[in-house]
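A.B. asks: Let me begin by handing over the structure; questions about it come next.
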Amino acid sequence: MQSHSALSTQHSALKRLGVLVSGRGSNLQALLEACADGALAGLADVALVISNHPGVAALARATQAGVPTLTIVREGYANKQAQHQAIAAALHESGIDLVVTAGFDRIIDPTVLRELAIPVMNIHPSLLPAFGGGLHAVADALAYGVKLTGCSVHFITADDAVDSGPIIAQSAVPVRDDDDEAALAARVLAEEHSLLVKAVTWWCAGQIQVEGRRVMVRI
Ligand code: GRF
């Protein structure tokens with residue numbers, strides 16, 4: 001996926017979603033439910049779930065929903081790039097239209113990303129560009145003392161730095177004085193689930209227009 005303008009969509013047939021996961025899979029669950037009988041019903045199907053760790057809960061959620069899964073671990077390949085090439089090959093083989101990284105705990109190899117002609121969307125638990133680039137965004141926001149945090153759905157491209165691709169949607173979550181990381185993370189996560197479904201729905205319905213860094217949604 002090279003230019004930002006290529007991230008725009010046209011409405012067409014049922015979109016095939018490929019979801020990359022590493023753990024719990026609650027965002028995957030939100031997508032599965034939206035495809036079954038929510039906003040994505042008739043617009044998209046989760047066609048493939050790929051995990052880079054064996055035995056994680058996300059894989060069980062996919063299997064429970066009847067979605068094919070693959071586990072492609074780093075140890076099976078000479079290096080991370082070869083592992084990510086295998087992931088890209090599986091996505092292509094499955095005819096995936098949109099990749100969603102939902103709790104995927106590795107940065108996609110830039111060479112693989114550059115060659116992957118499929119848009120990639122990510123969900124991140126902060127209001128980007130604040131607290132990007134790591135796996136501890138909620139803890140970092142709490143430690144920094146911000147009064148407002150939240151979540152962001154953005155495109156991942158080879159041309160943008162980590163967590164810096166064009167932002168599709170954001171949702172704000174106020175920080176409470178008595179919050180600890182678990183309490184704040186739970187409220188952010190609840191927002192993530194609806195925001196991710198909303199952004200994927202827009203894309204699948206052909207409502208997203210990308211101009212430079214700006215993502216416009218035609219409702
Ligand atoms: C979410 O907070 C997501 O934003 C972050 O990792 C977490 C994954 O949660 N990238 P889950 O696996 O979807 O439950």
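Only the coordinates and a few stated rules stand behind these numbers; no lab work does. What you are looking at is a predicted structure, and each value in this text was computed from that prediction instead of being measured. Neighbour counts run over all protein chains shown; Cβ positions are idealised from the backbone, glycine included.
A.B. asks: Whose amide H sits under 5 Å from the amide H of VAL215, counting only residues 5 or more places off or on another chain, with H placed in the peptide plane?
C.D. replies: Sorted by chain and number, the residues that satisfy this are ILE167.
A.B. asks: Return the sequence-ordered ³J(HN,Hα) values of the stretch 86-93 in whole Hz as given by the Karplus equation 6.51 cos²θ - 1.76 cosθ + 1.60 applied to θ = phi - 60°, using x for Gly and Pro.
C.D. replies: Using θ = phi - 60°, the values come out as 5, 5, 4, 4, 5, 5, 5, 4 Hz.
A.B. asks: Let me ask another. Using 0.36 nm per residue of separation minus the Cα-Cα distance, give me the extension gain between GLN209 and ALA130 in nm, one decimal. Numbers along the way, then the final one.
C.D. replies: Working: separation 79, 0.36 × 79 = 28.44 nm, distance 2.40 nm.
So the chain would gain 26.0 nm between GLN209 and ALA130.
A.B. asks: Under a point spin-label approximation (7 Å from Cα along Cα-to-Cβ), what is the ALA190-TYR144 distance to one decimal in nm?
C.D. replies: Placing both labels 7 Å along Cα→Cβ, they lie 2.3 nm apart.
A.B. asks: Compute the Kirkwood hydrodynamic radius of the chain, taking the inverse of the mean of 1/r over all pairs of distinct Cα atoms, and give it in Å to one decimal.
C.D. replies: 17.4
A.B. asks: Any chance you could run the full-extension gain for ASP178 through GLU75? It's 0.36 nm times the residue separation minus the Cα-Cα distance, nm to one decimal.
C.D. replies: Values: separation 103, 0.36 × 103 = 37.08 nm, distance 4.20 nm.
This chain segment gains 32.9 nm when fully extended.
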